[in-house]
Amino acid sequence: MYGIHLSGLPLSGKLFCTLFLVGIGCGAVAAFVQAATAVGLTPADVRATFAPEMPMTHMGHGQPSGEREISLGDISGSAKVWIRTPLLIQTSHTHLFGQTLIAGLLGLIVLFSSLGERMKSLVVALPFVGTLIDIGGMWLTRFVWPPFSVLVVAGGSLFALGYVLITVISLYELWLKREVVV
């Protein structure tokens, strides 16, 4: 872009971009682990988390109360977390701002790659589109039709794919690609 490419950045620019990508990567791994442990990674897990009604554990016949001791094995078969509407609003708010900011900064780095404009446009769009599909899928699952939970998984996967592509392309061009001198 404007004759400036990642491969031609000074050491300070290369370090900045690399450390930003690594830091965001660590955050992405933490987010994946959090999502896997708190919600789950399948559409069925997401559907249970965003169900309009709170899931109930099974009470055995003759149990005098809804409270009973459970083991960790009992939890894995039901929703790990049930998200009420106020938490869905809060989650949407923070994720839309945060993920859009992250996608913008990632996109800014890859804009200086030597990719062609069409490929660059596609790669830059992935995290933005993934975020919108992810958050939109949460709302659609909750208020329209529970099988829309597949959108949450697809949106998160698109965001992750965009991040991985941006990181691989950027790190390759920052550290391995030789700048062509004309």
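Pick from ILE133, ILE169: which is closer than 16 Å to GLY25 by Cβ and either within 14 Å of the chain's Cα centre (by Cα) or open to solvent by 20 Å² or more (accessible area, probe 1.4 Å) (or both)? Step through it out loud before you land on a result.
Working: ILE133 fails: closer than 16 Å to GLY25 by Cβ.
The match here is ILE169.
Part of a helix (DSSP H, G or I), touching a helix residue (DSSP H, G or I) at 6+ places or on another chain (Cβ under 6 Å) and surrounded by fewer than 22 Cβ atoms within 10 Å (Cβ to Cβ): is that true of LEU158 in this structure?
Details: part of a helix (DSSP H, G or I): yes; touching a helix residue (DSSP H, G or I) at 6+ places or on another chain (Cβ under 6 Å): yes; surrounded by fewer than 22 Cβ atoms within 10 Å (Cβ to Cβ): yes.
Judged against the criteria, LEU158 is a match.
Would you confirm, using the coordinates I've provided, whether ALA48 is at pLDDT below 90, out of contact with any helix residue (DSSP H, G or I) (no Cβ under 7 Å at 6 or more places or on another chain) and closer than 18 Å to GLY156 by Cβ? Steps first, please.
Working: at pLDDT below 90: yes; out of contact with any helix residue (DSSP H, G or I) (no Cβ under 7 Å at 6 or more places or on another chain): yes; closer than 18 Å to GLY156 by Cβ: yes.
Yes, satisfied.
Under 9 Å between Cβ atoms, at least 6 apart or on separate chains: pull out the pairs that start in the stretch 23-37 with a residue that is modelled with pLDDT under 95 and small (Gly, Ala, Ser) and end on any residue that is surrounded by 13 or more Cβ atoms within 10 Å (Cβ to Cβ) and not in a helix (DSSP H, G or I).
ALA35/LEU41
Within 20 Å of PHE32 (Cα to Cα) and of a type in the set (A, V, I, L, M, F, W, C) - does that describe any residue in the stretch 172-182?
Filtering the stretch 172-182 down to residues within 20 Å of PHE32 (Cα to Cα) leaves none.
Among the residues of the stretch 172-182, not one is within 20 Å of PHE32 (Cα to Cα) and of a type in the set (A, V, I, L, M, F, W, C), which makes the answer no.
Quick check on my filter: what residues within the stretch 13-26 are exposed (fewer than 13 other Cβ atoms within 10 Å of the Cβ) and farther than 17 Å from ARG178 by Cα? First the steps, then the outcome.
The first filter runs over the stretch 13-26 and keeps only residues exposed (fewer than 13 other Cβ atoms within 10 Å of the Cβ), leaving 15, 19, 22-23, 26.
LEU19, VAL22, GLY23, CYS26 - these are the residues of the stretch 13-26 that are exposed (fewer than 13 other Cβ atoms within 10 Å of the Cβ) and farther than 17 Å from ARG178 by Cα.
For ARG118, state whether it is at pLDDT 95 or above, within 30 Å of GLY3 (Cβ to Cβ), open to solvent by 40 Å² or more (accessible area, probe 1.4 Å) and charged (D, E, K, R).
Working: at pLDDT 95 or above: yes; within 30 Å of GLY3 (Cβ to Cβ): yes; open to solvent by 40 Å² or more (accessible area, probe 1.4 Å): yes; charged (D, E, K, R): yes.
Answer is yes for this residue.
The values are calculated or read from the model by the stated rules, or taken from the named source; none is laboratory data. Note that the coordinates shown come from a computational prediction; the quantities given were computed from them, not determined experimentally. Because the Cβ atoms are built from the backbone with ideal geometry, glycine has one as well, and the counts that use them run over all protein chains shown. With ligands, DNA and RNA removed, areas are computed over all heavy atoms of the protein, side chains included. Shrake-Rupley method; radii C 1.70, N 1.55, O 1.52, S 1.80 Å.
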